[in-house]
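Quick notes on the structure that follows.
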Amino acid sequence: MLSLYELLKEYDESNYYPFHMPGHKRNLFNKFINPFQIDITEIDGFDNLHHSEGILLEAQKRAAKLYHSEESYFLINGTTVGLLSAISACTTKGGTILIARNCHKAVYNGIFLNELNSIYSYPQNSLKYCVNCGLNPENIKQMLINNKNIQTVVITSPTYDGIVSDIESIAREVHKFNIPLIVDEAHGAHFGFHPYFPYNSIKMGADIVVHSVHKTLPSLTQTALIHVNGTIVDREKLKKYLNIYQTSSPSYLLMASIDYCINLIDNKGKDLFREYVDRLIYLRSELSKLKKIEIVDESIVGHNSIFGLDRSKLIISVKNTDITGMDLYKRLLNQYHLQMEMAAGDYVLGMTSIMDSMEGFQRLIDALIEIDKSINYVDSNYDFNSCLESEIYYSIAEAQKQEAVKCNIEYAKGRISAEYMYLYPPGVPLLVPGEVISGNLIRNVREYKKQGLSIEGMLDEENQIIQVIKE
């Protein structure tokens, strides 16, 4: 059996093209030095991330300047550590938090660690494309009016699929209650660098914004930034939790990767984004000519609380055809050596960045033209909504203190979940501990299994057994 290193090396030498993160696409302008030669610890002259005074302080200031943020901090444990730190800094143990129900599991882990009571704002759903859509600012306003004890609001924008909510309006409503708005903008680190893409949430008034620079920009996996603005957030408390959650041995390779990325965008970003957008416009134009396969475009903006669309994301829909999202995913991978980011019930998701080549784009165009000719129209009578509203019986922390037993999912209707259930990727919980299991959820799980989608949180390989709270 090959070692992991050998398998990675073999993969690098293959012709598989990445329509997935990280944003560097294994393609940098300059050859990177042997990583072992520059893998150091906090030696003289190289500063300390947890008490930055020199080169790391200046590097973080450059990041803040690029993003027009008051302060920015390097994260080398991904957006996850930024979200955990932000939630801990903006709440008290046992407090109440309002979150978008389609937040990443890292937000739910922050809720668990701080034993918070969670209130959910549910995104609207597009039956046409079966994606989670935007958050309604009016709904958030009403929740804040009805729940005066909410300490902070956390939302995800853009979503994994590139759906952008009206951050400016949401921030305005949240700030009327003098509480902070935390935006998980992990997939929007490229926002604001070209008018083809939406503004970032820093400009739109969010108090804390977390960016995964590795997702859509040329930086190594795990690298991220957290930005803080305004006077509502206790910045010293935020720094304290960053020191708690981040490793005490931060990788200088990862930090150098962030700094390299910031300098690249600062010095060459204008040209890089102009050329990238030209390629992307060509790609989307060619894909719009497909007959049965459909590429989600900006026509969805203005509906279902969708305020904007990240057009770097390719939602390639096969709804109302005789293939599923997983079928398309496998065909692109096995026949054309195109590795997509994710398969969903009726679509696949592709990710692009400034590092993508015209050759890669043309390969995708040619592949989809061939596939489009080979498939047929059918009537689809199943609509996926992965963000079902559920009754909350226990808080997450309380649920995980209860005794749990195993139960077949087919007989779990009305039982209270003791564990999470995810489609992964993207890592948004279908079911949260403490929620009552509904018939619609069971129906969805049945369909996900039929489609061959990856479900996490079940106890067996057949995805039949779930943990529920003992009656």
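The values are calculated or read from the model by the stated rules, or taken from the named source; none is laboratory data. Predicted model, so just to flag it, every value in this text is computed and none were measured. Every residue, glycine among them, receives a Cβ derived from its backbone with ideal geometry; neighbour counts consider all protein chains shown.
Determine which single condition PRO18 fails, assuming it passes every other condition in (1) of a type outside the set (Gly, Ala, Ser); (2) touching a helix residue (DSSP H, G or I) at 6+ places or on another chain (Cβ under 7 Å); (3) in a strand (DSSP E or B).
(2) is the only condition that PRO18 fails.
Could you please let me know if SER305 is surrounded by fewer than 22 Cβ atoms within 10 Å (Cβ to Cβ) and either in the same structural domain as ASN444 (by the TED database) or not aliphatic (A, V, I, L, M) (or both)?
Yes.
I need the helices (runs of 4 or more DSSP H) fully contained in the range 353-471, keeping only those with at least 3 residues that are within 24 Å of LEU314 (Cα to Cα) and of a type in the set (A, V, I, L, M). It would help to see each step written out before you state the result.
Working: elements: 358-374, 396-399, 439-451.
It comes to 358-374.
Here's a check for you: in the range 260-301, which residue that is under 23 Å from the mean Cα position of the chain (by Cα) and hydroxyl-bearing (Ser, Thr, Tyr) is surrounded by the most Cβ atoms within 10 Å (Cβ to Cβ)?
TYR276
Of the residues in the range 445-454, how many are crowded, with 16+ Cβ neighbours inside 10 Å and either free of Cβ contacts under 8 Å to residues at least 60 places away in the same chain or farther than 22 Å from ASN385 by Cα (or both)?
Looking only at that region, the number is 1.
Condition first: among the aromatic types (Phe, Trp, Tyr) and buried (at least 19 other Cβ atoms within 10 Å of the Cβ). Now tell me which residues in the range 242-259 satisfy that.
Of everything in the range 242-259, just one residue is among the aromatic types (Phe, Trp, Tyr) and buried (at least 19 other Cβ atoms within 10 Å of the Cβ), namely TYR252.
What is the residue count in the range 412-428 for residues that are among the charged types (D, E, K, R) and under 19 Å from GLU398 (Cβ atoms)?
So in the range 412-428, the residues among the charged types (D, E, K, R) come out as 413, 415, 419.
Narrowing further to those that are under 19 Å from GLU398 (Cβ atoms): 415, 419.
The qualifying residues number 2.
Considering ASP44, ASP39, which residue is part of a loop (DSSP other than H, G, I, E, B), of a type in the set (Asp, Glu) and over 17 Å from ILE258 (Cα atoms)?
ASP44
If you check ILE33, ILE111, which single one turns out to be aliphatic (A, V, I, L, M) and at pLDDT 95 or above? Can you show your working first?
Details: ILE33 fails: at pLDDT 95 or above.
Only one candidate passes the filter, namely ILE111.
Would you check which residues across the range 201-228 are of a type in the set (Gly, Ala, Ser) and surrounded by fewer than 24 Cβ atoms within 10 Å (Cβ to Cβ) and list them?
GLY205
If I filter the range 400-407 for residues that are touching a residue at least 40 places away in the same chain (Cβ under 8 Å), small (Gly, Ala, Ser) and closer than 27 Å to ASP184 by Cβ, do I get at least one hit?
no
Could you tell me which residue of the range 314-347 is surrounded by the most Cβ atoms within 10 Å (Cβ to Cβ), considering only residues that are out of contact with any Pro (no Cβ under 7 Å at 6 or more places or on another chain), in a strand (DSSP E or B) and not polar (S, T, N, Q)?
Among those residues, the one meeting the criterion is TYR347.
Among the candidates SER380, SER353, single out the residue that is in contact with a Ser or Thr (Cβ under 9 Å, 6 or more places away or on another chain), under 27 Å from LYS449 (Cα atoms) and polar (S, T, N, Q).
SER380
Please state which of the following conditions ILE281 fails to meet, knowing it meets all the rest: (1) within 18 Å of PHE19 (Cβ to Cβ); (2) in contact with a Pro (Cβ under 9 Å, 6 or more places away or on another chain).
Failed condition: (2).
Quick check on the range 229-259: of everything there that is outside any loop (DSSP other than H, G, I, E, B) and of a type in the set (S, T, N, Q), which residue is nearest to LEU83 (Cα to Cα)?
ASN243
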